[in-house]
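The values are calculated or read from the model by the stated rules, or taken from the named source; none is laboratory data. What you see is a predicted model; the values in this text were computed from it and never measured. We place every Cβ from the backbone using ideal geometry, glycine too, and count neighbours over all the protein chains shown. These accessible areas exclude ligands, DNA and RNA; they are computed on the full protein's heavy atoms, side chains included. Shrake-Rupley method; radii C 1.70, N 1.55, O 1.52, S 1.80 Å.
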Amino acid sequence: MRKYHKRLNPLTGTRLIILAAVFLIFSGNAAFFSNVIQVYPVTLKNMGFLLSLIWGFGGVIVLVFSLVCFRYTIKPVIITILLVSSVAAYFMDSYNIIIDDAMIRNILHTDMAESLDLLSPKLILYLLFLGVVPAFFVYKMKLVRRSGWQETLSRIKLFVLTLLSIVGVMFLLSDFYTSFFREHKPLRYYANPSYYLYSCGKYIHGLFETDTSVLTPLGLDAKIPVSDAPRKLIIFVIGEAARADRFSLNGYERETNPLLKKERIISFTNFWSCGTTTAVSVPCMFSIYDRSNFNDQKGTSTENVMDVLKHAGVNLLWLDNNSDSKKVAGRIPYQDYKMPKFNPVCDTECRDEGMLKNLQPYINEHRQGDIFIVLHQMGNHGPAYFKRYPPEFEKFTPVCTSNQLEACSRDSINNTYDNAILYTDYFLSRVIGFLKQNQNTFDTAMFYVSDHGESLGENGLYLHGLPYFIAPDTQRHVAAVVWFGENFDNIDMTSLLKIRDHKYTQDYIFHTILGLMNVETAVYDSRLDILNPENEASVL
């Protein structure tokens, strides 16, 4: 009986912090240690370093808890960390993703439908056994009551002793840690919860770094020459997670573009994204800043190419079958097509082609001025690729009918992804067909660029969102296609075909759009206009 009562004795806050840190180390860091072992194999030479890494990483968690866990905050903080870390562990273990500030931005911009796509039995098990159950024990745990001064003194002691132990271990194994910190920085990105906590702080700091309440105008001098005739009708399609190497137009062995290959198409085979998430790439491609100078604050506080077109008097419309425009369309007409109320083509989900259904009345209503329309696709949004196309597009089989990609074979994942590309081919052919119907009134063109690429299991990676400098080409090399109506002036298709393999990035989109619309403004840089004949000649 005494032993039973002894086990129920209240814990000190210090012991609870240490227990929570130990639990997090061994329950939520499979991805971290599996990546570490790939660089530092389990050998006699590395054993001391690997054990010290467990000690040091646990110590870092203890340090973090020591700073924020006191009498009234200790349980809420630890419970919250346990719940969030269980979800983070699932995504890192299953898809080998990294939760950095860009990923946090992407998470905050994800809508409910996209979130539901990520639900799976495995995620629920992670949340239950690594989050809810231990959080319940923490909630029910009785703690030793101490005065505020005693509690503070205890945390100071814990912090100092832990810090000294970490420094001591790193000093003893300095040769290993020098290599670890200088040459293998990406390994730290998998540390759970320390890295996502750091990333949250970085994201929040970024929100206050720039005053986004003041919008910097751009291209107020923009105009379209009166002599520019006939009117232009341009549709810009933002693809979703479409890899360049999965377009048969670019040499892929499977026929994924049977309809586009029949059209007057230029497919740019060497096109690269600005980011590895929609939340980064979409604002960046419409921004005047190039990738190296772009950040979320600049994108939010500076007008984009849509604003410049508005200043020039162009009629603008943004239709979205994805999450949203990531604030790009905040000052122009916008319509959400993910809802059946607006999208007439919905089955298991609303289809991209539904965005075309109500376009003709819009065009007929705007009898003056050029028209520029953005269609933001659902495209190949993962991991539920099987939902991204109607049944009649299931050409490649067997398919992966789960959002747990790690549970599917590589062949079935590839088949499902390619079927979604096949549907994009159909959708783009429908866009072209729509533009052809308006060729007698307008000069017409379509410009399609995917926001980012996708990992499909290569090297154990799935989906997208890795930091740009370590992301594989599959997440950065994107599909890009242009089509021109027969009457479109100043387009030399022969010259464009010769430069289709030249390297381009989404940095070119801002200026290429202005060039397409023949907008005259001081912010236009002809050197970054892909379709500028002078640039084509210089490349040749």
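Amide H to amide H, which residues 5 or more places from Ile491 or on other chains are under 5 Å from it, using H placed in the peptide plane?
HN-HN under 5 Å from Ile491: empty list.
Compute the whole-percent fraction of alpha carbon pairs in segment 422-540 spaced more than 19 Å apart. Don't skip to the end; give the middle numbers.
Details: 4081 of 7021 pairs.
Tail fraction, whole percent: 58.
Taking the chain as a whole, which cysteines find no other cysteine Cβ under 4.7 angstrom from their Cβ?
Cys69, Cys200
Can you give the alpha-carbon Rg of segment 6-90 over 2.2 N^0.38 Å, where N counts its residues?
In units of the 2.2 N^0.38 Å rule of thumb, it is 1.25.
DSSP loop (so not H, G, I, E, B), at most 12 other Cβ within 10 Å: list which GluC sites (Glu not before Pro) in segment 413-501 pass both filters. The partial results should precede the final answer.
On the way: sites: Glu454, Glu458, Glu486; in loops: Glu454, Glu486.
Loop-located and lightly packed - Glu486.
When only DSSP loop residues count, what chymotrypsin sites (Phe, Trp or Tyr not before Pro) in segment 15-78 have their Cβ near at most 12 other Cβ atoms within 10 Å? Working shown, then result.
Details: sites: Phe23, Phe26, Phe32, Phe33, Phe49, Trp55, Phe57, Phe65, Phe70, Tyr72; in loops: Phe70, Tyr72.
Filter output for segment 15-78: Tyr72.
Percent relative contact order of segment 283-436, based on C-alpha pairs within less than 8 angstrom and at least six residues apart?
Numbers: 201 pairs, mean separation 27.5, N = 154.
In percent, rounded to a whole number, it is 18.
Rg and Dmax of the chain, Cα atoms, in Å?
26.8, 96
With the full set of protein chains in place, find how many percent of the accessible area of the chain is carbon and sulfur; take the probe as 1.4 Å. Mind showing how you got there, number by number?
Numbers: 14450 of 24360 Å².
So the carbon and sulfur contribution to the accessible surface is 59 percent.
Using just the helices of the chain, give the 222 nm mean residue ellipticity in deg cm²/dmol: DSSP H runs with n ≥ 4 each add -39,500 (n - 2.57), and the total is spread over all residues, rounded to 500.
Details: 21 runs with 239 residues, N = 540.
Result for the chain, helices only: -13500 deg cm²/dmol.
Taking amide H positions as placed 1.01 Å from N in the peptide plane, with prolines and chain starts having none, which residues 5 or more places from Cys346, or on another chain, fall under 5 Å of its amide H?
Placed amide hydrogens put Arg351 under 5 Å from Cys346.
Summing +1 for each Lys or Arg and -1 for each Asp or Glu, what net charge is found among the other residues whose Cβ lies under 14 Å from the Cβ of Asp221? If you can, show how the numbers build up before the last one.
On the way: positive: Lys223, Lys310; negative: Glu303, Asp307, Glu520.
My count for the surroundings of Asp221 gives -1.
Taking the Cα centroid of segment 310-344 and of segment 242-298, what is the distance between the two, rounded to the nearest whole Å?
20 Å
Give me P(r) over segment 349-420, computed from all C-alpha to C-alpha distances, binned every 5 Å, as integer percentages.
3, 16, 21, 16, 11, 9, 8, 7, 5, 3, 1
So what is Rg over Rh here for segment 319-473, counting just Cα atoms and using Kirkwood for Rh?
Values: Rg = 17.4 Å, Rh = 17.3 Å.
With Rg and the Kirkwood Rh in hand, the quotient comes to 1.01.
Which chymotrypsin sites (Phe, Trp or Tyr not before Pro) in segment 438-473 pass both tests, a DSSP loop state and at most 14 other beta-carbon atoms within 10 Å? Intermediate results must be reported in sequence, preceding the final value.
Working: sites: Phe442, Phe447, Tyr448, Tyr462, Tyr468, Phe469; in loops: Tyr468, Phe469.
Filter output for segment 438-473: Phe469.
Please work out the average accessible area per residue across the chain, using the 1.4 Å probe convention, and give it in Å². Don't jump to the answer; show the numbers that get you there.
Working: 24360 Å² over 540 residues.
Accessible area per residue: 45 Å².
Using 1/(1 + (r/R0)^6) with R0 = 56 angstrom and r between the beta carbons of Asp492 and Thr178, what's the FRET efficiency to the nearest 0.05?
Values: r = 56 Å, r/R0 = 1.00.
The calculated FRET efficiency here is 0.50.
Extension gain Met170-Ile470, at 0.36 nm per residue separation less the Cα-Cα distance, in nm? Working shown, then result.
On the way: separation 300, 0.36 × 300 = 108.00 nm, distance 2.59 nm.
The Met170-Ile470 span can extend by a further 105.4 nm.
Quick one: Karplus J couplings for segment 522-529, per residue in order, coefficients 6.51, -1.76, 1.60, θ = phi - 60°, nearest Hz, x for Gly and Pro?
Ordered by residue, 3J(HN,Hα) equals 5, 7, 7, 10, 4, 5, 9, 9 Hz.
For a distance above 13 Å, tell me the whole-number percent of Cα pairs in segment 413-454 that qualify. Walk me through the intermediate numbers first.
Details: 550 of 861 pairs.
Here the long-distance tail beyond 13 Å is 64 percent of all Cα pairs in segment 413-454.
Based on the Kirkwood radius over alpha-carbon pairs, what value in µm²/s does the Stokes-Einstein equation return for the translational diffusion coefficient of segment 85-235 at 20 °C and 1.002 mPa s?
On the way: Rh = 21.3 Å.
Here the translational diffusion coefficient equals 101 µm²/s.
Using the Karplus curve 6.51 cos²θ - 1.76 cosθ + 1.60 with θ = phi - 60°, what ³J(HN,Hα) values do you get for each residue of segment 140-155, in whole Hz, with x for Gly and Pro?
Once θ is set to phi - 60°, the couplings for segment 140-155 become 7, 5, 8, 10, 5, 7, 10, 6, x, 5, 4, 5, 5, 4, 4, 5 Hz.
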